[in-house]
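In what follows, a structure is listed as structure tokens, so that the remarks can point back to it.
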Amino acid sequence: MRAYLGQLRLELALASRQGEQLLVSLGIPLLVLVFFSGIDVLPTGTEEPVDYLAPAVLALAVMSTAMVSLGIGTGFERTYGVLKRLGASPLGRGRWVGAKVSLVLVTEAIQWAVLVATAVLLGWDPPSSGWLPALGAALLGTLAFAGIGLTMAGTLPGLATLALANALYFVLLLTGGMVVPLEELPGAIAAVARLFPAAALTEVVTGSLAATGDVEGWAWPTLGAWAVLAPTAAALTFRWED
Amino acid sequence: MQEREPAVEVRDLVVDRGDVRAVDHVSFVVPAGTTTALLGPNGAGKTSTVEHLEGYLPRASGSVSVLGSDPSRARRELAPRVGIMLQQGGIQTAVRPGELLRQYASFFADPEDPAELLERVGLLERSRTPYRRLSGGEQQRLSLALALIGRPELLFLDEPTAGVDLQGRDLIRSLVRSQAERGRTVLLTTHDLAEAEQLADRVVIIDHGRVLATGTPGELTSAGGGEDLRFGAAAGLDTAALGDTVGAEVVEVTPGHYRVDAAPSPELVAAVTGWLAAARIPLNDLRAGRESLEDVFRRLTAGDRGAVPGTDRR
């Protein structure tokens, strides 16, 4: 327990000092939320843009932390030999994974608190019944995106992980319903997007937290499948040393 | 020193790195409580040997015991008892020495006090400086502190003074010596002869993945046989002619380094320097007596690095 806490404390200290990661994990979701809620240019399909954007940026926050921040951070740690050195310490892989998961969950909790508070100030009023499925989806989404991030981090050099994670983030941001609803995308793109975890997570979170509470049938199974497959892929392919 | 089980026992170790045989049937023993240096040029197989003992690299064959266990099977059990200083890397660029030592201290049951250890390695006032802003020597000292934090029984130090300035080297060496005084076992790698001579109770000379010689520095320097005369001058001298003049065999050990195989009497010295003076050949270096560790090292590692046979090449 002491080793796990020691590891987590360092992870939190380093994360709080990485400005560019804070920008990705908090700055961009906040910007999207505030900017597009005030300027109604996106085809959100809701009366007030914030009603669509607030749950969508909650999904975005999960993706940016679990996939981008975790993937890039771990990728560089592997490239720098940090994982190599930890591998010969008594920390052990289990506690290392535990500390990483905790770091992601703590970051996400902070993101959600800030984003929800901001959205409420902007007039968002979600049904309280939607929170349980939304949180469940966030956990599955965390597993899915952390799996993708760690698969990249565990197989590619740090810089390649940086580039790929950011590229994937951008593509999934645009095709995952996080700023533009899937229905507004061309049919073929939307069909492909539904196979990926970003659209599935957004659908469950936005659907659950909408007034109607309807979630399309494809979303939960897609999200669940990714939550199993991506971490499995990471566990099977992860190399601790370059 | 009382007899104990050897801390490390390596028998016929073979380690392959890709297609390259990095370690080729290496055998040696590190007695508990002693400091042993793996000495060899770059690429000799030192790091591959140590990284196998640390549990990083698999072996192709041979048998290895580290504190009584096989490091490729018992890594978890060995981790709390072994301190490791990697040749490079392993530390995030943004991390600060103080927090890094506190992190590693949390992994061990009875760690050193991080602040006290920082002071001992001369980094107390740098405790909040990000790793990337530390000098090369400070980074190495931090790396050594990481190896020491868990009060290990056995230390693996891979090139502990590489890239470190003179004062930093002295500090690191005195820290390594103080480990030995505490009864800890140290296995270090180095290509620095002075370091091996100063720090090690035993030296294992290794090149091309093979052990060339093992022993205490004293044993190694006397193993070359009797006393002789050594000098340095321009490469490619006519050793046959010189030998005829002085009445002893002259060998060019490596280009520019010569050995006269005879007792180094004042008469021999006079004959050799007289011959050089007559030929107007400047003398770079002249030593009489036993081989130094450097001589041993040169002789042993000369093998296929351009050794010069003791014949006339002029």
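Values for this structure:
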| item | result |
| --- | --- |
| A:ALA109/B:ARG17 FRET efficiency (R0 45 Å; Cβ-Cβ; nearest 0.05) | 0.50 |
| Cα-based convex hull volume of the protein assembly as shown per residue, rounded to whole Å³ | 194 |
| Computed label-point distance, nm, for sites B:ARG128 and A:SER129 using a 7 Å Cα→Cβ extension | 5.3 |
| Listed residues B:VAL211, B:VAL296, B:VAL251, most fluctuating in chain B (Gaussian network, C-alpha, under 10 Å) | B:VAL251 |
| Shielding by partners, peptide B:98-110 (average Cβ within 10 angstrom, other chains) | 5 |
| Shielding by partners, peptide A:83-96 (average Cβ within 10 angstrom, other chains) | 6 |
| Using distinct alpha-carbon pairs, which all enter the 1/r mean, Kirkwood radius of the stretch B:41-154 in Å | 15.2 |
| CD proxy at 222 nm, helix term only [per DSSP H run n ≥ 4: -39500 (n - 2.57); per residue of chain A; nearest 500] | -22500 deg cm²/dmol |
| Label point distance in nm, B:ALA235-B:THR273, each placed 7 Å from Cα along Cα→Cβ | 2.7 |
| Projected-area average for the stretch A:2-101 over all orientations - Cα convex hull basis, square nanometres | 7.6 |
| Cα-based Kirkwood hydrodynamic radius, the stretch B:225-301, one decimal, Å | 12.4 |
| About the Cα centre, charge dipole magnitude for the protein assembly as shown (Lys/Arg +1, Asp/Glu -1 at Cβ), debye | 520 |
| Ascending count of other beta-carbon atoms within 10 Å, so fewest first, for B:HIS25, B:HIS208 | B:HIS25, B:HIS208 |
| Long-range amide H partners of B:ALA22 with built H, under 5 Å | B:VAL15, B:ASP16, B:ARG17 |
| Sequence-separation-based contact order of chain B, relative, with Cα cut under 8 Å and 6+ spacing, percent | 19 |
| Backbone HN-Hα couplings from phi across the stretch B:288-294 [Karplus 6.51/-1.76/1.60, Hz, Gly and Pro as x] | 10, x, 7, 4, 7, 4, 5 |
| Karplus-derived 3J(HN,Hα), 6.51/-1.76/1.60, for each residue of the stretch B:160-165, Hz, glycine and proline x | x, 10, 4, x, 10, 6 |
| FRET E, pair B:THR214, A:ALA167, Förster distance 51 Å, beta-carbon r, rounded to 0.05 | 0.40 |
| Mean separation of Cα contacts under 8 Å, 6 or more apart, over the residue count of the stretch A:2-237: relative contact order % | 28 |
| Contour excess over end-to-end distance, with Cα ends at B:ASP110 and B:ASP170 and 0.36 nm allotted per residue | 18.8 nm |
| The stretch B:134-145 - phi-based ³J(HN,Hα) in whole Hz, Karplus 6.51/-1.76/1.60, Gly and Pro as x | 7, 6, x, x, 5, 5, 5, 5, 5, 4, 5, 4 |
| Residues with amide H under 5 Å from that of B:ILE206, placed H, sequence gap 5 or more | B:LEU39, B:GLY40, B:LEU212 |
| Residues A:PHE35, B:PHE297 arranged by fewest to most Cβ contacts within 10 Å | A:PHE35, B:PHE297 |
| Residue of B:VAL246, B:VAL121, B:VAL23 that the Gaussian network model of chain B assigns the largest fluctuation, springs spanning Cα pairs under 10 Å | B:VAL246 |
| Projected-area mean, the stretch A:92-138, by convex hull of Cα positions, square nanometres | 3.7 |
| Proxy reagent accessibility, fewest Cβ within 10 Å first, across B:LYS46, A:LYS100 | A:LYS100, B:LYS46 |
| For the stretch B:8-221, average projected area of the Cα convex hull in nm² | 11.2 |
| Cβ charges +1 (Lys, Arg) and -1 (Asp, Glu), total dipole of the stretch B:1-111, debye | 260 |
| Choice from B:GLY68, B:GLY90, B:GLY55 showing the highest fluctuation, given a GNM over chain B with Cα pairs closer than 10 Å | B:GLY90 |
| Cα coordinate range in chain A, projected on the principal axes (Å, largest first) | 56, 36, 29 |
| Mean separation of Cα contacts under 8 Å (6+ apart) over length of the stretch B:225-301, as relative contact order % | 42 |
| Inter-part distance where the stretch B:100-162 and the stretch A:50-70 are each reduced to a Cα centre, Å | 39 |
| Alpha carbon centroid spacing (whole Å) that separates the stretch A:140-207 from the stretch B:1-32 | 49 |
| Ellipticity estimate at 222 nm from DSSP helix runs (n ≥ 4, -39,500 (n - 2.57)) divided over chain B, nearest 500 | -9000 deg cm²/dmol |
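Here, each number is a calculation from the coordinates, and none is a lab measurement. Quick caveat: nothing in here was measured; it's all calculated off a predicted structure. No Cβ is skipped: glycine too gets one built from the backbone with ideal geometry, and neighbour counts run over all protein chains shown.
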